[in-house]
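One structure below.
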Amino acid sequence: MNASPNIDLHTHSTCSDGTLTPSELIVHAAAAGVRVLALTDHDSTDGLENAASTAAALGIRLVPGVELSAAWRSQDIHVLGLWIDPVDPALRSLLKCQAQLRRERMIGICRRLQIARLPGDALLAAVQAKGGIPTRSHLADAMVDAGLVARKDEAFRKYLAQGKVGHVRNDWPALAQTIGAIVGAGGVAVLAHPGRYRLSGGARRRLLEEFTQAGGGALEVMSGANGAQHVETCTALAIKYGLAGSVGSDFHSHEVAWNPLGRSLKLPDCITPVWRGQLL
Ligand code: AMP
Ligand code: MN
Ligand code: MN
Ligand code: MN
């Protein structure tokens, strides 16, 4: 195994749908023994500056990152950009568009809920009051707070998932454009949580072909709570497509017990770690 117990390359803060501020995230990561941490908020790099100053004080290597939402054949695909330059003009302009798309989508979702005689207007106000980039996770929280559902996953299952009353199709940029923006900003594009997409084996292979051809560099082999079987499958795919391997908890909150920060994440020896050559 490649030694990677102190490396976590996929985490969220309050700048997207995490519950810890960027600085708190770094403090908790340090306490959990993480030495190298990527902050990868959904479509936002706003937390990187604060995270960097706390990381410098605590001796953590902060990898500047982002998790971009992209479209591939009408599927939402998440692509991590690691070691990006957050001030790259083209990336900044893409992030501005992503934030606008998210704000518009949230308005659209809440309008649909209101039409369905749910308190869409009040939910929208609650999400907007939280500030930062609006995600369905914020909306699910607002639905729990309003007593509409008992738990967040119930909000997704009943109202927000595809085919439900509050579902609005996203209009994210095409996968190749997203990868281009990451690579153009000096970053490595990593296909996040490959097990989370509803794809047939053939579609997954085509996704990986297109991801690689567009300049994608790595596959998230270990993500959150995925088990050994999943790691084996992803490792084989990464090797087949010439991709490096990445590891990340996808940490959002201490309330989610199954993906703690810096969860012991190890890459098999046969795969090139995405951090090779990056961590001197
Ligand atoms: P969005 O990017 O706006 O579509 O929101 C998706 C986010 O919601 C994901 O990044 C997860 O953090 C969260 N999420 C998705 N599905 C669920 C679920 N079933 N239960 C709780 N959180 C979820
Ligand atoms: Mn999230
Ligand atoms: Mn994701
Ligand atoms: Mn994530």
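Here are some notes:
- In segment 228-245, the residues that are assigned to a helix (DSSP H, G or I) and hydroxyl-bearing (Ser, Thr, Tyr): THR233, THR235
- For segment 227-244, the condition of being away from ligand 2 (no atom under 16 Å from the Cβ), acidic (Asp, Glu) and surrounded by fewer than 16 Cβ atoms within 10 Å (Cβ to Cβ) holds for at least one residue.
- The strands (runs of 3 or more DSSP E) found wholly in segment 1-90 and carrying at least 2 residues that are within 16 Å of ligand 2 (Cβ to nearest atom), out of contact with any helix residue (DSSP H, G or I) (no Cβ under 7 Å at 6 or more places or on another chain) and at pLDDT 95 or above occupy 61-72, 75-82.
- Which listed residue, of LEU208, LEU279, LEU261, is in contact with a strand residue (DSSP E or B) (Cβ under 9 Å, 6 or more places away or on another chain), more than 19 Å from GLN98 (Cβ to Cβ), assigned to a helix (DSSP H, G or I) and not aromatic (Phe, Trp, Tyr): LEU208
- In segment 247-280, residue modelled with the highest pLDDT [restricted to those that are among the small types (Gly, Ala, Ser) and closer than 16 Å to ARG61 by Cα]: GLY248
- Helices (runs of 4 or more DSSP H) wholly inside segment 91-186 containing at least 3 residues that are under 19 Å from GLY81 (Cα atoms): 175-184
- Filtered residue count, segment 162-203, keeping only those that are more than 16 Å from ligand 3 (Cβ to nearest atom), at pLDDT 95 or above and out of contact with any Cys (no Cβ under 9 Å at 6 or more places or on another chain): 16
The values are calculated or read from the model by the stated rules, or taken from the named source; none is laboratory data. What you see is a predicted model, and the numbers here were worked out from it, not measured in a lab. As a convention, Cβ positions derive from the backbone with ideal geometry for all residues, glycine included, and neighbour counts pool all protein chains shown.
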